[in-house]
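Heads up, the thing below is written out as structure tokens.
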Amino acid sequence: MKLTDEEFLRIVGYIKNNYGIDLSKKRLLIEGRLNFTVTDNGYSCYNDYLDDIFKESSGAAYNHFISKLTTNHTYFMRESAHFDFLVNTVLPEIESTVKDRDVRIWSAGCSFGNEPYNLAMCIDEYFGERKAKWDLKILATDISSKALLSAKNGVFKAEDLNDIPKHWLTKYFIKLPDNQYKICDTIRKEVVFKYFNLMDEFSHKKPFDLILCRNVMIYFDTPTRETLIKKFYDATKQGGYFFIGHAESITKNTGFKVIKPAIYKK
Ligand SMILES: C[S@@+](CC[C@H](N)C(=O)[O-])C[C@H]1O[C@@H](n2cnc3c(N)ncnc32)[C@H](O)[C@@H]1O
């Protein structure tokens with residue numbers, strides 16, 4: 001079913017105003033992703049569908065709509081330079097400077113959980129038995145309820161794990177039937193998954209030692225990105241780090257110091 005101009009602008013405006021995502025050049029993507037949902041549910045036009053789902057913005061149909069319009073592509077060891085830097089620089093710095101041994105990391109826009117689980121595995125490898133003396137928590141947030149549900153479940157296909165170090169397969173995963181692997185409990189309990197819209201005010205109690213917002217801001221326009229980076233800056237601990245995707249950039253004068261491509265320090 002084709003979108004009318006009015007329906008297209010309605011969706012683009014709604015998603016931009018509420019979630020920051022710019023879909024103004026994505027007409028075919030919107031049609032492709034919503035077409036079946038709209039027709040399968042018996043609607044004869046997108047407007048009637050939108051009228052219904054907007055009536056209950058916490059309902060399952062609304063969540064499905066948001067999940068459909070987000071792009072959740074992710075994989076383990078993505079932009080692995082970040083994980084090398086974490087292990088070689090960030091964690092040794094944390095170990096020598098964080099006296100209360102209370103460490104907060106945020107994976108903002110975590111999708112299916114590959115990124116925060118990957119962080120938890122690197123941290124576990126780095127600290128080994130010393131980890132027992134640390135309170136290390138990874139907050140992982142997204143707006144896609146579908147991605148969050150899958151992330152909490154922590155089950156991945158064998159082919160998703162091709163790029164991780166081979167010994168992690170037995171160290172951090174439990175083999176299931178059908179060539180699937182489940183994240184082990186030790187790693188699972190280090191990550192707290194939550195719904196959080198980055199357009200909302202941040203009200204986290206403690207500043208973060210490290211924030212990752214990788215491959216999320218590419219979907220936002222420049223003013224939205226700048227406002228968000230300011231919020232990330234305020235939420236980062238003095239001396240803490242901020243990682244973005246290597247295809248992304250942040251403007252000068254954010255307060256962050258550039259350390260390496262896609263790595264910033266407060
Ligand atoms: C392409 S994925 C990136 C996943 C991971 N960070 C990585 O680099 O592999 C982008 C994620 O950002 C999420 N996202 C988009 N807009 C958001 C918003 N306003 N608040 C929170 N998450 C958002 C999407 O739902 C999607 O899961």
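Considering only residues that are away from the ligand (no atom under 15 Å from the Cβ) and not small (G, A, S), which ones fall in the range 231-240? Step through it out loud before you land on a result.
First pass over the range 231-240, keeping only residues away from the ligand (no atom under 15 Å from the Cβ): 233-234, 236-240.
Of everything in the range 231-240, those that are away from the ligand (no atom under 15 Å from the Cβ) and not small (G, A, S) turn out to be Y233, D234, T236, K237, Q238.
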**Message:** assigned by TED's automatic domain parsing to the domain that holds Y219, more than 16 Å from the ligand (Cβ to nearest atom) and at negative phi: which single residue out of W134, W168 fits that description?
**Reply:** W134
**Item:** Looking only at the range 6-22, and only at residues there that are within 15 Å of the ligand (Cβ to nearest atom) and among the charged types (D, E, K, R), the one that is surrounded by the fewest Cβ atoms within 10 Å (Cβ to Cβ)
**Value:** D22
**Item:** From the options Y195, Y219, residue that is modelled with pLDDT under 95 and within 16 Å of the ligand (Cβ to nearest atom)
**Value:** Y219
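Given the structure, is Y126 modelled with pLDDT of 95 or more and over 22 Å from the mean Cα position of the chain (by Cα)?
Numbers: modelled with pLDDT of 95 or more: yes; over 22 Å from the mean Cα position of the chain (by Cα): yes.
In short, yes.
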**Request:** Would you check if I143 is within 11 Å of the ligand (Cβ to nearest atom), surrounded by 21 or more Cβ atoms within 10 Å (Cβ to Cβ) and modelled with pLDDT of 95 or more?
**Result:** yes
**Message:** Conditions first: (1) in a loop (DSSP other than H, G, I, E, B); (2) at pLDDT 95 or above; (3) among the small types (G, A, S). S57 passes all but one, so which condition is the exception?
**Reply:** (2)
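Return the only residue of K16, K55 being more than 28 Å from V155 (Cα to Cα), within 24 Å of the chain's Cα centre (by Cα) and not assigned by TED's automatic domain parsing to the domain that holds I259.
On the way: K55 fails: within 24 Å of the chain's Cα centre (by Cα).
None of the others qualify; the one that does is K16.
Taking strands (runs of 3 or more DSSP E) that fall entirely within the range 103-213, which contain at least 1 residues that are without any contact (Cβ under 8 Å) to a residue 60 or more places away in the chain? Talk me through it step by step, then tell me what you get.
Numbers: elements: 135-142, 155-157, 173-176, 180-183, 191-195, 208-213.
Because the criterion is at least 1 residues that are without any contact (Cβ under 8 Å) to a residue 60 or more places away in the chain, the strands (runs of 3 or more DSSP E) in the range 103-213 that meet it are 135-142, 155-157, 173-176, 180-183, 191-195.
Do we have any residue at all in the range 61-83 that's in a helix (DSSP H, G or I), touching an Asp or Glu at 6+ places or on another chain (Cβ under 8 Å) and away from the ligand (no atom under 13 Å from the Cβ)? Spell out the reasoning first.
To start, the set of residues in the range 61-83 that are in a helix (DSSP H, G or I) comprises 61-69, 81-83.
If we keep only those that are touching an Asp or Glu at 6+ places or on another chain (Cβ under 8 Å) too, we end up with 61-62.
Now restrict to residues that are away from the ligand (no atom under 13 Å from the Cβ): 61-62.
Looking through the range 61-83, at least one residue is in a helix (DSSP H, G or I), touching an Asp or Glu at 6+ places or on another chain (Cβ under 8 Å) and away from the ligand (no atom under 13 Å from the Cβ).
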**Residues of the range 236-264 classified as surrounded by fewer than 16 Cβ atoms within 10 Å (Cβ to Cβ), part of a loop (DSSP other than H, G, I, E, B) and of a type in the set (A, V, I, L, M, F, W, C), total** = 1
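The values are calculated or read from the model by the stated rules, or taken from the named source; none is laboratory data. Note that the structure is predicted; figures quoted are calculated from it, not measured. With ideal geometry, Cβ positions are generated from the backbone for all residues, glycine too; neighbour counts draw on all protein chains shown.
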